[in-house]
Structure formats: C-alpha cells, structure tokens
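Read the structure below first, then the notes.
What follows draws every value from the coordinates through simple rules; no lab data is involved. Only a predicted model underlies this, so the values are computations on that prediction, with no experimental measurement involved. Neighbour counts are summed over all protein chains in view; Cβ atoms, including those assigned to glycine, are modelled from backbone coordinates with ideal geometry.
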Amino acid sequence: LVPHAARALRLCLPQLTERLLAALAGGDEDAQRVAAEALCEVVSKMGERVFAELLPALRAGLGDPEPQRRVGVCYGLAQAVRAAPREQVKAAAGELLPA
C-alpha cells in the first residue's frame, strides 16, 4: 500500500475526476461501467467532500444531447449515490430531482 494514500488521492483527485467523467461521457459501455465503479470507490473512500464536488458535473452531464453520454453519467451518478453518506444524498435530492 501507498503510505498516506488518502493524501495522495486528494492530490490527484482533480485529474482523476476529469478522467472518470470523460470515460463516463464516452461511448464505450465497458469503459463507462469501469469508470462508474471507480467513482463509487473514490466516493466511498473520500466521502462527503468528493460527492459534493462531483455532483455539479454529473448533474450537468444529465442534460447532454448525446444519449450514450447520458447513460454513462447515469451509471456514474448511481454509483456515487450508492457510495455517498445517506444524509448527503438526502440533502442533494433537490438538486438531483428538480421539481
């Protein structure tokens, strides 16, 4: 294992997030699933901070004109919601499910 893995992950989080979101928005279904699973792991390890940072980008991706990209974003969003603390998901419900 890497010493101070959480610190190392925090340092590379912006680049990792960018790559995961790009993979989710790509047309390759296998890459989308792998990226969604990785996103789940990142959210479960880093918790509230990461979920709050990812949510706006995932929300924006739901409005993408390309159906395959929206599917990938939905995979990622589902995994992020699954891994995030329940209280945080409840707090974000209004942003995720507009009236």
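Between R70, R86, R59, the Gaussian network model of the chain with springs among Cα atoms under 10 angstrom shows the greatest mean-square fluctuation at R86.
Once you keep just the Cα pairs under 8 angstrom separated by 6 or more residues, what percentage relative contact order results for the chain? Mind showing how you got there, number by number?
Values: 94 pairs, mean separation 31.2, N = 99.
Value for the chain: 32 percent.
Gain on full extension, evaluated as 0.36 nm per residue between L96 and R82 minus their Cα-Cα distance, stands at 3.7 nm.
Legend: calculated FRET efficiency, A6 to R70, from the Cβ-Cβ distance at R0 = 30 Å, rounded to 0.05, equals 0.40. Principal semi-axes of the equivalent ellipsoid, √(5λ) from the alpha carbon gyration tensor of the chain, are 21, 18, 10 Å from largest down.
Which one of C40, C74, C12 has the biggest mean-square fluctuation once the chain is modelled by GNM with Cα springs under 10 Å? Checking each option, the largest mean-square fluctuation is seen for C12. Along region 17-34 the Karplus relation, 6.51 cos²θ - 1.76 cosθ + 1.60 evaluated at θ = phi - 60°, assigns HN-Hα couplings of 4, 4, 5, 5, 5, 5, 5, 5, 7, x, x, 7, 4, 5, 5, 5, 5, 5 Hz to successive residues, with x for each Gly and Pro.
For region 46-54, 3J(HN,Hα) computed residue by residue from phi via the Karplus equation (6.51, -1.76, 1.60; θ = phi - 60°) reads 9, x, 4, 4, 5, 4, 4, 6, 7 Hz, glycine and proline entered as x.
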